[in-house]
1. Which order do 324, 84 take by accessible area at a 1.4 Å probe, largest first?
2. Full-extension gain between residue 32 and residue 283, please, as 0.36 nm times their residue separation minus the C-alpha to C-alpha distance.
3. How large is the charge dipole for the chain, taken about the Cα centre, if only the Cβ atoms of Lys, Arg (+1) and Asp, Glu (-1) carry charge, to the nearest 20 debye?
4. Please list 380, 426 in order of solvent-accessible area, largest first, computed with a 1.4 Å probe with all protein chains present.
5. Along the positive direction of the dipole of the chain (beta-carbon charges: Lys, Arg +1; Asp, Glu -1; about the Cα centre), which of 187, 316, 89 reaches farthest?
6. For the range 121-243, what size does the Cα cloud have along each of its three principal axes, sorted from largest down, in whole Å?
7. Per the 1.4 Å probe, what fraction of the accessible area of the chain, in percent, lies on carbon and sulfur atoms?
8. On the full set of protein chains, 1.4 Å probe, figure out the accessible area of residue 83 and give it in Å² to the nearest 10.
Amino acid sequence: MLICGALTSCNDFIDVEPQGVISEELAMSQPNEMVTAAYAKLGDDWYTYPFNLWPYGDLTSDDALKGGSGTTDTNYHPFEVWSTLTASTPDHMDEMWYHLYCSISRCNRALVSLADHGDVLDSSTRAIREGEVRFLRAHFYFKLVQLWYQVPWVDEEVYRNHTEEQTPNNAFSHEELMQKIIDDFKAAYDVLPVNQSEGGRANKIAAAAYLAKCYLTMAWGNGYESATGVSHINQQMMQEVLKYTKEVENSRYGYLEDYGDIFLPEYKNSKESIFAVQHSDYKDDNTLFGRGNWSNMLNGCWGMWSCGWDFHKPSQDLVNAFKTKDGLPMFDNYNKTIAYPVNGVPNDQKWDPRLFHTVGMPTFPYKYEEQYTMTKDNSRTPNTYGYYASLKEVPQRSKGETFDNPWQAFAMNDYVLRYTDVMLMRAEALIETGDLEGARTIINNIRERAKNSIAKHISYAANQCEISLYPASYFQTKEQARQCLQWERRLELAMENGRYFDLRRWGIASKTLNKFFENEQKDEYDGQTYAQYYRDAHFTAEKNEYFPIPYIQLFYVPGLYTQNKNY
């Protein structure tokens, strides 16, 4: 009798409505809120799966060293040496894959909600929200395809049919996947307004900029060096780049007057910002931690912040690249000798002003503030990772900090697309379609802004800066112009998480990186040697261009996914 009573009472117990959750039926009946949930995933990341891709786009390149307390601090070391990269090392790759697909799942749910319950919105709003969600889905898929080449295409129909676990990653080729991404961005472009009444939403210009980025990526080839580079350039796709970048050029967006302002929180939604992941400080939204940028939590300077863990450290090769002679880059011999400026001790070596906005260096104010001048003590492991620090991704120290030991949250937006980046895309397409003078004009406009970015923030380095505009003689051939463009992208966008993807797009990753590994292991700063672990580094063409499909994903449904070649 007791057993029967217990079994009977169980029915009442398990029928209790769960607390603190919303039912799927109720959620799906509110399409506007489902769109908001899709947006929320933009900044719902963590240092082991940072959606800004700083480990994938910078640590893998000649711009940055991993940093931290040593090569075993986090599992990112294989990214900086490539030779030990496998399907299970670093295991952080599986987290990235998983969370990007969680983001896509929210987009698919929002699209289904709009399709089934969109009549609660007026027709114009419904079309705009659908465009926004397709923009977001394409944004997340662009990251997946750029990292893993071929991935499973899980859209709203796969979601409706519950066939996620029957969807292989080779159902579509890399080119077909890129076309699907373009189709989503084009659908967004066709319906989104040029301006949105609410900040942070995608608009028509953001979609145009992303379309230009997709076409530029495809125009050079598929990423593998055997099918990528100058000899594989698709002129028709370059024309698409020109078409969509022209829309950006003619829009309300433009160059922010001072380069340093681009990376200060008070200017985070300026005319430079076409689309950015929004973050906030707790003082702004009255929450415990705000909507902090947890992807960059490790990247604060050691000893400068309560929880500054000294990751994402600029390389000596990057610092050397900022050298100038008569105000112009030292293309051929920039890296023949190690050099670095010392505050108050100018010499014959001059520098592009953007160095002092990008790289924190001993003897110089940290993020422009003399009361927080850096010393050699602000490096956690100088014998491994040297003394430089990254500046762009952090606010000024005097503005306070948000931390919950052992983590630090910075209220810094993540740029997805900024105006200067898009203009450099345009200059690249102009060069490849033969308009060298048009490209020179754009690049010189960018250099002119850098030239005018000294007095406001880095006057202490004025006597160490020298930058000039390119004369016409530097743009007489495509080869010359291409070198200037590629150099400009490196200096302008340094430490902004995209250097490796540029090298791969141009088909020069193996040549550039293996040369970098050979030189960087000889690093020395004021008698301290470091970066000797690069003796074990090597980039293998026709393998390392893309990352391996994570081991856990391969065996989640055995046989469903095909590994990338040569892993």
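The values are calculated or read from the model by the stated rules, or taken from the named source; none is laboratory data. As the structure is a computational prediction, the values presented were derived from the model and not from experiment. No Cβ is skipped: glycine too gets one built from the backbone with ideal geometry, and neighbour counts run over all protein chains shown. These accessible areas exclude ligands, DNA and RNA; they are computed on the full protein's heavy atoms, side chains included. Shrake-Rupley method; radii C 1.70, N 1.55, O 1.52, S 1.80 Å.
1. 84, 324
2. 87.6 nm
3. Computed about the Cα centre, the dipole is about 1480 debye.
4. 380, 426
5. Going by the charge dipole, the pick is 316.
6. 50, 39, 20
7. Heavy-atom surface of the chain belonging to carbon and sulfur, 1.4 Å probe: 50 percent.
8. Residue 83 exposes around 60 Å² with every protein chain in place.
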